[in-house]
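J.: One structure follows; several queries about it will come next.
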Amino acid sequence: MKKLLLLSTLLIFACKEDEDNPCIYAPTLTTEAVTDITETSATLNGAIDVYSQNCDTVENVLQGFVYSISTEPTIDDTVVSVNGSSINSNLTDLEPSTTYYVRTFLERPSLGVFYGNEVSFTLNDSNFIEGRWNFISSTDCGENDESIDSCDLESYMTLTNGIGQATISDSEDENGNIGPCEVVGSFDVSYSVGSSNQNYIFSIQGGEPMAAVVDGNTLTLTQTYDASTSDCPQQAGVISDNIVFVRD
């Protein structure tokens with residue numbers, strides 16, 4: 001019985017005149033999931049591992065990522081050169097709402113070009129922050145986690161075109177008591193892009209600006225204030241509370 005042995009990306013050939021010591025060159029290229037996706041940027045991740053025996057090490061090797069809006073990108077498309085075995089690269093100035101395809105690659109002139117598996121990713125659209133965001137948790141005095149997951153009613157924000165409303169339920173009354181999940185009120189919200197497409201500046205009911213960060217399907221508002229003028233006597237100095245929402 002004949003056995004067929006399939007060796008992917010394994011090249012065995014005589015690099016030297018000594019036929020008893022052939023050059024064995026076996027690169028393994030892995031394209032990993034793309035992370036930190038925004039409207040115009042994303043981080044490429046991958047790994048390149050090379051097994052080399054009896055091969056010339058003087059030859060210049062180019063490696064990294066290739067990407068395109070078409071499938072199976074090659075070195076004829078956009079090339080990002082990255083050295084190392086565990087590699088990553090942050091791409092910027094990409095087109096919102098566009099799907100890209102990426103592969104790791106390694107090029108050795110005498111052997112050719114090797115490619116890893118293909119991974120696709122789609123950038124957020126320019127209105128990514130718009131829509132409904134449901135409240136899931138907050139910190140109080142910079143430390144205590146509070147949640148209203150047990151309530152039938154929810155606190156949430158609805159955002160569109162720079163404005164919105166926040167509907168608050170199960171809030172504290174003037175005596176600090178938690179109500180039975182009643183709707184307390186609806187408040188006007190305004191927001192604008194901050195330092196990047198992931199960072200925003202929020203204001204609720206015309207109050208002090210709050211920094212907001214969108215990370216995937218999570219939106220975190222950070223409220224910073226002086227503890228000495230708040231109801232946090234156990235704290236001192238400037239503290240921050242995080243209010244976390246998830247996309248509906």
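J.: Using modelled backbone amide H atoms (1.01 Å from N, in-plane), which distant-in-sequence or interchain residues come within less than 5 Å of SER137's amide H?
T.: Here the answer is VAL244, since their amide H atoms fall under 5 Å of that of SER137.
J.: Next question, about the same structure. Using amide H atoms built 1.01 Å from N in the peptide plane, name the residues 5+ places from VAL34, or on other chains, whose amide H lies under 5 Å from its own.
T.: Hits under the 5 Å cutoff: none.
J.: Using a Förster radius of 35 Å, what is the FRET efficiency between LEU62 and ASN199 based on their Cβ-Cβ separation? Nearest 0.05, please.
T.: On the way: r = 35 Å, r/R0 = 1.00.
The formula returns an efficiency of 0.50 here.
J.: If I stretch the segment between THR98 and ASN21 completely, what's the gain in nm (0.36 nm per residue apart, minus their alpha carbon distance), one decimal? Mind showing how you got there, number by number?
T.: Details: separation 77, 0.36 × 77 = 27.72 nm, distance 4.90 nm.
Difference between extended and current length: 22.8 nm.
J.: Show the residues, 5+ positions off or on another chain, whose built amide H is closer than 5 Å to the amide H of LEU111.
T.: Amide H neighbours of LEU111: none.
J.: Show me, for region 200-212, the HN-Hα J-couplings you get by feeding each phi into the Karplus relation (A = 6.51, B = -1.76, C = 1.60, θ = phi - 60°), rounded to Hz, glycine and proline as x.
T.: My calculation for region 200-212 gives 10, 10, 10, 9, 10, 6, x, x, 4, x, 10, 6, 9 Hz in order.
Every number in this text was worked out from the coordinates using simple rules, so none of it is lab data. All figures in this text were calculated on a predicted structure; none of them were measured in a lab. Backbone-built Cβ (ideal geometry, glycine too); neighbour counts: all protein chains shown.
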